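Notes for the one structure printed next.
The values are calculated or read from the model by the stated rules, or taken from the named source; none is laboratory data. Note that the structure is a prediction, hence the values are computed from the model and not measured. Here the Cβ positions follow ideal geometry from the backbone for every residue, glycine too, while neighbour counts run over all protein chains shown.
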Amino acid sequence: MAPLTVLGVASPAKSCTDGKCPFHGTVTVKKELFTGKVVKKDINRSATIEWFHSQYIPKYERFAWRRSRMRVHNPSCLDAAPGQNVLVAKTRPLSKTKHHVILKVIS
Ligand SMILES: [Zn+2]
């Protein structure tokens, strides 16, 4: 039975047979959320997201602009494309480099 919402996010209109989908598969998500922009999409339902943040460097008493990147699972029912902002949640390790799954396309 597919859950209607995951962490308050309504399940997408499209259905899928992806076992690693938080809505239609068996993967459960943890309450550790990230937002980022999709910069790369692979054919094997993977994507790379990135976001920028400033970090204070005490030695120079200035802020540096840092980039963070994360490999995420892109369920076939959501199918986020490069350029879209997405909400991502932590899961169990899905593969060697993926520990997070996309929950929602924000824009
Ligand atoms: Zn799905």
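For the range 86-106, check the following and say yes or no: at least one residue is within 16 Å of the ligand (Cβ to nearest atom) and of a type in the set (K, R).
Yes, some residue in the range 86-106 is within 16 Å of the ligand (Cβ to nearest atom) and of a type in the set (K, R).
Scanning for something under 15 Å from I106 (Cα atoms), within 16 Å of the ligand (Cβ to nearest atom), outside any strand (DSSP E or B) and polar (S, T, N, Q), does the range 72-83 turn up at least one residue?
The answer is yes; a qualifying residue exists.
Name, by its number, the condition in (1) surrounded by 17 or more Cβ atoms within 10 Å (Cβ to Cβ); (2) more than 11 Å from the ligand (Cβ to nearest atom); (3) under 18 Å from S95 (Cβ atoms) that does not hold for G36.
(3)
Inside the range 30-46, can you point out the residues that are within 14 Å of R67 (Cβ to Cβ) and touching a residue at least 60 places away in the same chain (Cβ under 8 Å)?
F34
Would you mind stating whether L103 is in a loop (DSSP other than H, G, I, E, B), surrounded by 17 or more Cβ atoms within 10 Å (Cβ to Cβ), in contact (Cβ under 8 Å) with a residue 12 or more places away in the chain and not small (G, A, S)?
no
Looking at (1) surrounded by fewer than 12 Cβ atoms within 10 Å (Cβ to Cβ); (2) among the hydrophobic types (A, V, I, L, M, F, W, C); (3) more than 16 Å from the ligand (Cβ to nearest atom), find the lone condition where L4 falls short.
Result: L4 fails condition (3) only.
Could you please let me know if A47 is more than 12 Å from the ligand (Cβ to nearest atom) and at pLDDT 90 or above?
Spelling it out, A47 is indeed more than 12 Å from the ligand (Cβ to nearest atom) and at pLDDT 90 or above.
Just one of the numbered conditions (1) within 16 Å of the ligand (Cβ to nearest atom); (2) within 14 Å of the chain's Cα centre (by Cα); (3) among the aliphatic types (A, V, I, L, M) is not true of A10; which one?
The failed condition is (2).
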